[in-house]
């Protein structure tokens, strides 16, 4: 059984939340999975076909390109003649209105020659045809050279060059006048645009019929591929004709409609596959890391990552056609490794890429490359405390991914020469590896959202120049030195036991910050005067015990992570302020002293790191009271303190073994011997 596989008792609410979360994850994945046939091959015109020989599994037509179809449509429009209806009454009405206007407004002052001229020009313009300004745009296309005018049951063809709009007709009427007889200034006084109205009206129905009839002669196909026909061989260059055949095949597959039963079976298959993956992932947690299964924040992070990357992959492959290698899948193992552990990181990464492999072109190749890339990220990135560690991991991931991809190409004989390498996929692999740098930027949001604490944050908090540690070094220097010593001891023990050394080091630095408020009441900060001499034993015990509560208050004020607050709360567990308890019992033997009044609020350590801090804190404090520093006295002190802690049951809730405790003892003994080693006495110079 795993040392971490301790499971607390769940309530019905816990079961409901987890079952509901798992159901939501499965439902979202199944709903978002691609139903249609996605592109199975990735290729480009002029590139090399690096897949096995492709044989047509079905007959399908070869489609013309959009450019070719557009060219043919453009050529058809040269013969397109839109239809217009002749409005015979428009010309007569306009000429009649002109005569009336001239007689009533201008006949007394202007020669009748102008009346004759305008009448003649109006008849010429209307004979050619006038179209309204909006409909005139229809024939403004230079490819339309003629129109058909329907008069009654007869249609005639007229050149578009002879047709006028009201504006161009007015200009022609004014500018075509013989200036030797007709003055243009007088013509403009007539406001002749009043008598220029459209006498041709666009017939949309007949025009559309004529256009469709012309376009019906255009076929969208170049030919047909017969089932069993070879399309392309491995290693061949994809020319324009082959490219059109491949595009036609992809379109044919995409448009092949599934029957209702086929769609149901497709959904059922996706549902079964998703359930298998999710159940296996849950079984892993139940078997090996049930502590994560009981942690809401841990399961929320796992579910988010497990859900996010398949959705991104589905969207990229289905809607953009980009290579799936451009997605930085290694972000999942990086985050899970930083916040949890390496085995969980690899299992989660493997299950995630299995979910993504459903819609990629070469699923086996994809799984191999991404599995090795994720394993490389886990191995090369133990902790993320410096940017250089991430850059080094990125280089390793890029190298392993690229080499694995090329090796698969060589094994499958897709690459026979250097120019045969598919550089588009290599480019995508490079981009996907470089995008791992996003993980450094996402650390703070992940910490805030899910409540984790990264090594980067722990390193920043370990800086002695942080306001809280600097204040402790100034107001409680003895406590600060004690905390530094405990941090070094705890980090060494954690390294030996395989625990999180940076976490326990940072926790040790802050575990006694509550002593800042009453610094003089603690032995390490006293300078010959003991304030406890003026207090009762109970009052002294309350002040000593209160440093846990005061520390939690300061931690909350300075917004320290919860994991650091846990060290403050558990470093004494439910132990007693034994010195003052014994003093109280000795001073008042006739009174039964309640030990609860002298007991720390706890709780006892819950993690291996908290147990390590409890041991190191007690041992370091007690070592200062040794009267004689020898290897035997140090060894006896360490054994006595830690054995007493074990007998009191302080480590029962921590995932730490007897072997771990013995190893911790050995480390503490060796470290204390080094700290308190006897220095040689320097000789004096004889005169």
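The values are calculated or read from the model by the stated rules, or taken from the named source; none is laboratory data. These numbers were taken from a predicted model, which means no experiment stands behind them. Here the Cβ is made from the backbone with ideal geometry for all residues, glycine too, and neighbour counts use every protein chain on show.
Filter region 203-218 for residues that are touching a residue at least 40 places away in the same chain (Cβ under 8 Å) and assigned to a loop (DSSP other than H, G, I, E, B); which is surrounded by the most Cβ atoms within 10 Å (Cβ to Cβ)?
Looking at the filtered set, the residue picked out is 203.
I'd like to know if region 645-655 contains one or more residues that are over 23 Å from residue 495 (Cα atoms), free of Cβ contacts under 8 Å to residues at least 40 places away in the same chain and surrounded by 12 or more Cβ atoms within 10 Å (Cβ to Cβ). Full working, then the answer.
Initial filter on region 645-655 (over 23 Å from residue 495 (Cα atoms)): 647-649.
So of that shortlist, the ones also free of Cβ contacts under 8 Å to residues at least 40 places away in the same chain come out as 647.
Then drop every residue that is not surrounded by 12 or more Cβ atoms within 10 Å (Cβ to Cβ), which leaves none.
Within region 645-655, none of the residues are over 23 Å from residue 495 (Cα atoms), free of Cβ contacts under 8 Å to residues at least 40 places away in the same chain and surrounded by 12 or more Cβ atoms within 10 Å (Cβ to Cβ).
Report yes if residue 652 is in the same structural domain as residue 548 (by TED's automatic domain parsing), within 56 Å of the chain's Cα centre (by Cα), modelled with pLDDT of 85 or more and outside any helix (DSSP H, G or I), otherwise no.
Working: in the same structural domain as residue 548 (by TED's automatic domain parsing): yes; within 56 Å of the chain's Cα centre (by Cα): yes; modelled with pLDDT of 85 or more: yes; outside any helix (DSSP H, G or I): yes.
When the stated conditions are applied, residue 652 passes them.
Name the residue, out of 197, 168, 188, that is in a helix (DSSP H, G or I) and either surrounded by 16 or more Cβ atoms within 10 Å (Cβ to Cβ) or modelled with pLDDT of 85 or more (or both).
Values: 197 fails: in a helix (DSSP H, G or I); 188 fails: either surrounded by 16 or more Cβ atoms within 10 Å (Cβ to Cβ) or modelled with pLDDT of 85 or more (or both).
Among 197, 168, 188, only 168 is in a helix (DSSP H, G or I) and either surrounded by 16 or more Cβ atoms within 10 Å (Cβ to Cβ) or modelled with pLDDT of 85 or more (or both).
I'd like to know if region 88-106 contains one or more residues that are in contact with a helix residue (DSSP H, G or I) (Cβ under 9 Å, 6 or more places away or on another chain), at pLDDT 75 or above and in a loop (DSSP other than H, G, I, E, B).
For region 88-106, residues in contact with a helix residue (DSSP H, G or I) (Cβ under 9 Å, 6 or more places away or on another chain), at pLDDT 75 or above and in a loop (DSSP other than H, G, I, E, B): present.
Taking the stated definitions as given, is residue 414 part of a loop (DSSP other than H, G, I, E, B) and at pLDDT below 85? Please lay out each step first, then the result.
On the way: part of a loop (DSSP other than H, G, I, E, B): yes; at pLDDT below 85: yes.
Answer is yes for this residue.
Yes/no matrix, rows are residues, columns are (1) modelled with pLDDT of 90 or more; (2) surrounded by 18 or more Cβ atoms within 10 Å (Cβ to Cβ); (3) farther than 25 Å from residue 651 by Cα:
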| site | (1), (2), (3) |
| --- | --- |
| 549 | yes, no, no |
| 552 | yes, yes, no |
| 568 | yes, yes, no |
| 574 | yes, no, no |
| 588 | no, no, yes |
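Restricting attention to region 105-120, which residues are closer than 16 Å to residue 175 by Cα and in contact (Cβ under 8 Å) with a residue 60 or more places away in the chain? Before you say what the answer is, go through the steps one by one.
Kept after step one, since they are closer than 16 Å to residue 175 by Cα, are these residues of region 105-120: 114, 117-120.
Passing the criteria: 114, 117, 118.
Report yes if residue 602 is out of contact with any strand residue (DSSP E or B) (no Cβ under 6 Å at 6 or more places or on another chain), in the same structural domain as residue 486 (by TED's automatic domain parsing) and modelled with pLDDT under 85, otherwise no.
Numbers: out of contact with any strand residue (DSSP E or B) (no Cβ under 6 Å at 6 or more places or on another chain): yes; in the same structural domain as residue 486 (by TED's automatic domain parsing): yes; modelled with pLDDT under 85: yes.
Yes.
Using the structure shown, decide if residue 143 is touching a residue at least 24 places away in the same chain (Cβ under 8 Å), over 13 Å from residue 197 (Cα atoms), touching a helix residue (DSSP H, G or I) at 6+ places or on another chain (Cβ under 6 Å) and outside any helix (DSSP H, G or I). Even if it seems obvious, please write down each step before you answer.
On the way: touching a residue at least 24 places away in the same chain (Cβ under 8 Å): yes; over 13 Å from residue 197 (Cα atoms): yes; touching a helix residue (DSSP H, G or I) at 6+ places or on another chain (Cβ under 6 Å): yes; outside any helix (DSSP H, G or I): yes.
Spelling it out, residue 143 is indeed touching a residue at least 24 places away in the same chain (Cβ under 8 Å), over 13 Å from residue 197 (Cα atoms), touching a helix residue (DSSP H, G or I) at 6+ places or on another chain (Cβ under 6 Å) and outside any helix (DSSP H, G or I).
Would you check if residue 611 is in a helix (DSSP H, G or I), touching a helix residue (DSSP H, G or I) at 6+ places or on another chain (Cβ under 6 Å), in the same structural domain as residue 511 (by TED's automatic domain parsing) and modelled with pLDDT of 90 or more? Full working, then the answer.
Details: in a helix (DSSP H, G or I): yes; touching a helix residue (DSSP H, G or I) at 6+ places or on another chain (Cβ under 6 Å): no; in the same structural domain as residue 511 (by TED's automatic domain parsing): yes; modelled with pLDDT of 90 or more: yes.
No; evaluated as a whole, the condition is false for this residue.
From the list 435, 442, 469, which one is more than 21 Å from residue 607 (Cα to Cα), buried (at least 16 other Cβ atoms within 10 Å of the Cβ), touching a residue at least 24 places away in the same chain (Cβ under 8 Å) and outside the structural domain of residue 570 (by TED's automatic domain parsing)?
On the way: 442 fails: buried (at least 16 other Cβ atoms within 10 Å of the Cβ); 469 fails: outside the structural domain of residue 570 (by TED's automatic domain parsing).
Result: 435 is the single residue among 435, 442, 469 that is more than 21 Å from residue 607 (Cα to Cα), buried (at least 16 other Cβ atoms within 10 Å of the Cβ), touching a residue at least 24 places away in the same chain (Cβ under 8 Å) and outside the structural domain of residue 570 (by TED's automatic domain parsing).
Restricting to region 485-503, give me the number of residues that are in contact (Cβ under 8 Å) with a residue 12 or more places away in the chain and more than 32 Å from the chain's Cα centre (by Cα). Break it down into steps so the answer makes sense when it comes.
Within region 485-503, the subset in contact (Cβ under 8 Å) with a residue 12 or more places away in the chain is 485-494, 496-497, 499-500, 502-503.
Then keep just the ones that are more than 32 Å from the chain's Cα centre (by Cα); that gives 485-494, 496-497.
So the answer is 12.
Just wondering, is there one or more residues in region 520-535 that are in contact (Cβ under 8 Å) with a residue 40 or more places away in the chain, crowded, with 18+ Cβ neighbours inside 10 Å and not in a helix (DSSP H, G or I)?
Checked region 520-535: at least one residue is in contact (Cβ under 8 Å) with a residue 40 or more places away in the chain, crowded, with 18+ Cβ neighbours inside 10 Å and not in a helix (DSSP H, G or I).
Name the residues in region 463-494 that are within 24 Å of residue 623 (Cβ to Cβ) and modelled with pLDDT under 90, would you?
Correct list: 464 only.
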